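The values are calculated or read from the model by the stated rules, or taken from the named source; none is laboratory data. Computed from a predicted structure; not experimentally measured. A quick note on method: Cβ atoms are made from the backbone with ideal geometry, for glycine too, and the neighbour counts reach across all protein chains shown.
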Amino acid sequence: MAAYRRFGVGRNLAVLLTRSHPVCSYHGAGLHRPSLHRVGRRQIPQQTTTMFIRNMFIQTQDTPNPNSLKFLPGRLVMESGTMDFAGPREAYCSPLARQLFRIEGVKSVFFGPDFITITKTDGETQWKVLKPDVFATIMDFFTSGLPVVNEADAPRADTAPSEDDDEVVAMIKELLDTRIRPTVQEDGGDVLYHGFEDGIVKLKLQGSCTSCPSSIVTLKSGIQNMLQFYVPEVEGVEQVKEEDVGVEKGVL
């Protein structure tokens with residue numbers, strides 16, 4: 001809609017976010033009750049370690065998914081947005097992702113603004129075995145001067161609000177971008193909008209959230225409750241699987 005800007009049409013989102021509301025509990029999603037300032041973080045113990053390699057600090061941080069680990073190289077990874085690589089085939093546009101997939105035991109790679117989430121193949125693969133190779137690969141790459149992603153080849157996953165969105169969709173996207181995605185990214189993942197039909201919001205989980213044991217709780221007890229609180233038209237939330245995205249694009 002041409003009149004749509006950052007704070008929505010008709011129902012000003014800023015007004016909705018500042019109105020009084022009951023205390024809600026969002027267990028397991030890192031999304032506690034809606035707050036004027038930000039969504040509360042999940043109360044989980046987070047272990048952080050730092051590796052100093054040559055002139056580069058690389059930190060690691062646990063995620064709610066025991067098979068996923070965040071690596072923070074201390075510098076910009078993605079200038080805008082995020083990028084998910086479910087397997088080596090998707091890594092054609094990223095020299096860094098291709099290098100990381102060469103490490104035995106790496107199942108998927110996810111790039112955030114300032115972090116890289118590595119998901120290992122299974123519980124049998126030990127992080128103490130994987131970490132040194134991941135550290136070395138990240139360090140060598142960032143000292144090479146190569147781009148993290150070749151922009152010309154990168155697929156676009158722009159789900160930002162647009163003038164073509166109606167009021168409800170615009171508010172859903174606004175809430176996702178300002179309230180939900182930043183919190184999910186803190187846990188090494190992301191959630192992307194994939195449609196709104198018959199009251200159901202379709203979302204795709206990425207990064208550490210993809211195979212996380214608490215992903216369903218995150219969707220239902222966190223994201224769904226928050227969207228329903230601010231947008232009454234939302235009746236539920238549905239997860240879009242990787243194979244479903246392939247069908248939509250005509251890949252399968």
Worksheet item: Do we have GLY222 as touching a residue at least 24 places away in the same chain (Cβ under 8 Å), more than 20 Å from GLY112 (Cα to Cα), in contact with a Leu (Cβ under 8 Å, 6 or more places away or on another chain) and outside the structural domain of PHE110 (by TED's automatic domain parsing) here?
Response: yes
Practice prompt. Check whether at least one residue in segment 165-181 is crowded, with 23+ Cβ neighbours inside 10 Å, under 15 Å from LEU69 (Cβ atoms) and of a type outside the set (Lys, Arg), and report yes or no.
Written response: no
Discussion item. If I filter segment 91-103 for residues that are within 14 Å of the chain's Cα centre (by Cα), among the aliphatic types (A, V, I, L, M) and outside the structural domain of SER211 (by TED's automatic domain parsing), do I get at least one hit?
Written reply: no
Practice prompt. Give segment 72-103 a look and list any residue that's under 25 Å from LYS241 (Cα atoms) and part of a strand (DSSP E or B), or say none.
Written response: MET83, ASP84, PHE85
Worksheet entry | Of residues in segment 94-138 being hydrophobic (A, V, I, L, M, F, W, C) and farther than 27 Å from THR183 by Cα, the one surrounded by the fewest Cβ atoms within 10 Å (Cβ to Cβ) | VAL129
Discussion item. Checking THR218 against (1) modelled with pLDDT of 90 or more; (2) part of a helix (DSSP H, G or I); (3) of a type outside the set (Lys, Arg): exactly one of these is not met. Which one?
Written reply: (1)
Item to complete: Would you please list the contacts, defined by Cβ atoms under 8 Å and residues six or more apart or on different chains, that run from a residue in segment 118-137 that is over 15 Å from LEU100 (Cα atoms) to a residue that is outside any helix (DSSP H, G or I) and among the polar types (S, T, N, Q)?
Response: ASP122/ASN67; GLY123/ASN67
